[in-house]
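The values are calculated or read from the model by the stated rules, or taken from the named source; none is laboratory data. Worth saying up front: this structure is predicted, and the values here are computed from it rather than measured. Ideal geometry is used to build each Cβ from the backbone, glycine not excepted, and the neighbour counts take in all protein chains shown. The protein model used for the area step is the full one, side chains on, heavy atoms only, and it has no ligands, DNA or RNA in it. Shrake-Rupley method; radii C 1.70, N 1.55, O 1.52, S 1.80 Å.
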Amino acid sequence: MNTPDTIIDTAFTINGESVTRRIPVRQNLVDFLREEMGLTGTHIGCEHGVCGACTVRVDGKIVRGCLMLAVQAEGRTVETIEGLSDSGEIADLQDAFHKRNALQCGFCTPGMLLTAQELLAGGGVPSREKIREQISGNYCRCTGYHAIVDAIETVAQQRAGGKK
């Protein structure tokens, strides 16, 4: 039986690197990534899964890192903003966010970028309404969202072959 202070050997992949660590069973994934792995691009916001600041990708799907325990990543692939940025996968989104002034303080930006990438990975050019729906679980207190939607729409159009 696991007690709150139980530590479990856990092996998974983070940003392409195999990792094995002894992890307390109650430590959430975002705290593990930040404190143990030094991957501080993923932020801690509300700690209730509402704000999207802790968004990471697990086995190709975005999840809230504050709602997932690190030990639940056993045998899985975790990707953070650092991994997607280093691989170049979101370079066009990062560029569009910069050019469209879709970031200010930057606190929400990593979660927004992962959320946008998940939408755009499906191909095609989503409507502005669909973009807003996709990012609705990510809070931004600075931009008012219009510039974020513009940036995502621009990248969708570029990826589909039409320049805007």
Mind checking which residues of segment 33-70 are more than 20 Å from Gly16 (Cβ to Cβ), crowded, with 20+ Cβ neighbours inside 10 Å and in contact with a Phe, Trp or Tyr (Cβ under 8 Å, 6 or more places away or on another chain)? His43, Gly45, Cys51, Gly52, Ala53
Report, ordered by the first and then the second residue, all pairs with beta carbons closer than 6 Å, sequence separation of six or more or different chains, a first member in segment 136-150 that is under 12 Å from Phe97 (Cβ atoms) and without any contact (Cβ under 8 Å) to a residue 12 or more places away in the chain, and a second member that is open to solvent by less than 20 Å² (accessible area, probe 1.4 Å) and part of a helix (DSSP H, G or I). none
Sort through Asp95, Asp5, Asp59, Asp9 and tell me the only one that's at pLDDT 95 or above, over 28 Å from Arg159 (Cα atoms) and not small (Gly, Ala, Ser). Asp9
Mind listing whichever residues of segment 125-163 are closer than 19 Å to Thr109 by Cβ and assigned to a loop (DSSP other than H, G, I, E, B)? Ser136, Gly137, Asn138, Tyr139, Cys140, Arg141, Cys142, Thr143, Gly144, Tyr145
For Val30, are the conditions met, namely being open to solvent by less than 20 Å² (accessible area, probe 1.4 Å) and outside any loop (DSSP other than H, G, I, E, B)? yes
Please verify whether Asn28 is of a type outside the set (D, E, K, R), farther than 27 Å from Leu120 by Cα and touching a Gly at 6+ places or on another chain (Cβ under 8 Å), treating the condition exactly as stated. yes
Filtering segment 58-79 down to residues that are in contact (Cβ under 8 Å) with a residue 40 or more places away in the chain and over 22 Å from Ile8 (Cα atoms), which residue is nearest to the chain's Cα centre (by Cα)? Ile62
Mind listing just one residue for me: the one in segment 71-119 that is part of a helix (DSSP H, G or I) and of a type in the set (Asp, Glu) and, of those, most open to solvent (accessible area, probe 1.4 Å)? Asp86
Using the structure shown, decide if Glu129 is at pLDDT 95 or above, more than 10 Å from the chain's Cα centre (by Cα) and acidic (Asp, Glu). yes
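I need the full set of residues from segment 1-27 which are of a type in the set (A, V, I, L, M) and in a loop (DSSP other than H, G, I, E, B), in order please.
Met1, Val25
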